[in-house]
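The values are calculated or read from the model by the stated rules, or taken from the named source; none is laboratory data. Everything quoted here is computed from the prediction, not taken from an experiment. Note that each Cβ is placed from the backbone with ideal geometry, even for glycine, and that neighbours are counted across all protein chains shown. Note: areas computed on protein heavy atoms with side chains; ligands, DNA, RNA excluded. Shrake-Rupley method; radii C 1.70, N 1.55, O 1.52, S 1.80 Å.
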Amino acid sequence: MADDVLPRDTIATVENSVRSILRHQEENGAIVASPDFEQYHFCWLRDGSFCAYALDVAGQYEASARYHSWVVKAVSGIASLIDDVIATHERGELLDPAFMPPARFALDGSTVIDDWPNFQIDGYGTWLWSLGQHFALTGVASVPEEFLESVTRVARYLSAFVLSPCYDVWEENGEDVHTSTLACVYGGLVAAGRLLDNTHYEVVAESIRTRLRGAAARGGYFIKSSASEEVDGSLLWLSTPFRVVELKDREFARTVALIEEQLKFEGGVRRYGADVYFGSGSWPVLTGSLGWYYVASGDLGRAIQYRDWIATHFDTEGRLGEQFGGERRDPQHYQEWVARWGPPARDLTWSHAMYVILSQAIEEAGH
Ligand code: BGC
């Protein structure tokens with residue numbers, strides 16, 4: 001639609017992406033994963049919590065606060081489910097992954113009953129991390145009363161299930177323990193320890209670090225999961241933002257090198273080698289994560305290179321899709337997914353979020 005075409009110099013800007021995130025936020029605080037892709041008409045804790053952080057670094061504190069209040073309500077709505085699964089787990093009884101707390105909610109905060117692979121604990125960890133960042137960035141020293149119950153409940157949930165196999169950050173492989181999921185949970189529990197002033201959660205977080213150092217880094221780099229020795233783009237989050245490994249950690253540096261060697265496609269970063277989702281193009285979310293890592297490690301040149309890669313992928317209406325190039329890399333799988341769900345999301349809210357996060361990080365580092 002010609003009317004929606006934006007002036008070129010306003011397209012790949014932080015302001016445009018912040019506006020997109022705000023446009024994709026409901027009055028109640030929920031943030032839709034993508035408005036144009038039917039499967040994504042929900043609010044994921046993973047996507048939404050990175051979006052809230054992007055809103056905070058862009059100074060949109062009120063919008064971020066609304067998202068966090070929405071999560072508090074969504075978590076209160078499943079309070080008895082969370083309490084029940086913790087109790088069942090503590091009794092040593094088996095649980096059905098189909099009836100675990102969900103990865104995503106309807107925009108009104110209610111649970112969606114369907115066959116989505118819902119048991120994904122990373123999003124709960126990412127939420128606690130993002131909430132901790134929100135309070136730190138807005139100067140809130142002690143957790144407001146209305147947050148305490150949900151924060152405690154989620155921290156207890158994560159502590160109970162951190163080493164249980166569950167679906168990964170790509171909503172796949174429900175039988176395995178995933179290294180990047182461990183990192184998200186680590187980040188969440190460290191935040192919970194601080195927010196609740198309870199060292200127990202820090203102790204649990206420390207045990208995650210031990211697990212990660214041992215099982216997940218056997219061959220000199222961090223592996224994708226208990227079942228795969230591949231690398232995965234989401235392993236970038238081990239250092240930035242979740243800090244379960246030091247930036248200069250040798251195994252982590254090797255992991256980043258392998259990600260760049262094996263997962264780069266047309267200048268951006270794919271999810272993992274064997275990925276077939278929409279032909280597995282390059283994702284702004286991961287390309288942004290790599291740039292973010294380079295800001296933290298002081299290589300602004302590379303950070304800018306990855307930011308610029310994202311910048312060239314906005315369309316003329318200022319939208320930023322989920323992934324790019326799958327139709328060229330693996331046309332057969334691309335077509336299979338298009339036949340199933342239509343073309344990939346053209347405007348993905350957490351793609352904008354990573355663009356904002358990376359751009360602001362570069363700006364703060366002095367460029
Ligand atoms: C991705 C998830 C994401 C969801 C919604 C899925 O395809 O694998 O990481 O949370 O889409 O954006």
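Things worth noting here:
- Helix-derived mean residue ellipticity, 222 nm - over the chain, DSSP H n ≥ 4, -39500 (n - 2.57), to 500: -16500 deg cm²/dmol
- Loop-located GluC sites (Glu not before Pro) across segment 200-258 with a Cβ neighbour count of 13 or fewer within 10 Å are GLU229, GLU246, with loop assigned by DSSP.
- Net charge dipole, the chain: roughly 900 debye, given to the nearest 20, about the Cα centre with Cβ charges of +1 for Lys and Arg and -1 for Asp and Glu.
- Residue-wise HN-Hα coupling along segment 81-91, computed from phi with Karplus coefficients 6.51, -1.76, 1.60 (Hz; x: Gly, Pro): 4, 4, 4, 5, 5, 5, 5, 4, 4, 5, 7
- Rg and Dmax of the chain, Cα atoms only, in Å: 19.2, 61
- Cα-centred dipole magnitude for segment 217-334, charges only on beta-carbon of K, R (+1) and D, E (-1), debye, nearest 20: 260 debye
- Accessible surface of segment 8-365 [probe 1.4 Å, protein heavy atoms]: carbon and sulfur percent: 49 percent
- Relative contact order of segment 252-339, pairs being alpha-carbon contacts under 8 Å that are 6 or more residues apart, as %: 33 percent
- Farthest positive-ward along segment 225-301 dipole, Cα basis, beta-carbon charges - from VAL295, ALA227, VAL269: VAL295
- Accessible surface of GLU62, taken over heavy atoms with a 1.4 Å probe and every protein chain present, rounds to 120 Å².
- Longest exposed-site-free window of the chain, the sites being trypsin sites (Lys or Arg not before Pro) in a DSSP loop that have at most 14 other C-beta atoms within 10 Å: 92-217
- Histogram of C-alpha separations across segment 107-162, 5 Å bin width, %: 4, 15, 21, 24, 20, 11, 4, 2, 0
- Distant-in-sequence amide H partners of ALA345 (H built 1.01 Å from N, under 5 Å): GLU322
- Take every pair of alpha-carbon atoms less than 8 Å apart whose residues are at least six positions apart; their mean separation over the length of segment 8-365 yields a relative contact order of 19 percent.
- Here segment 1-61 is treated with +1 on each Lys and Arg Cβ and -1 on each Asp and Glu Cβ, and its dipole about the Cα centre works out to around 180 debye.
- Ranking VAL245, LEU163, LEU81 by Cα position along the charge dipole of the chain, where only Lys, Arg, Asp and Glu carry charges on their C-beta atoms, puts VAL245 farthest toward the positive end.
- Average accessible surface area per residue within the chain, 1.4 Å rolling probe, Å²: 41 Å²
- Protein-only accessible surface order, largest first, of ASP308, ASP122 at 1.4 Å: ASP308, ASP122
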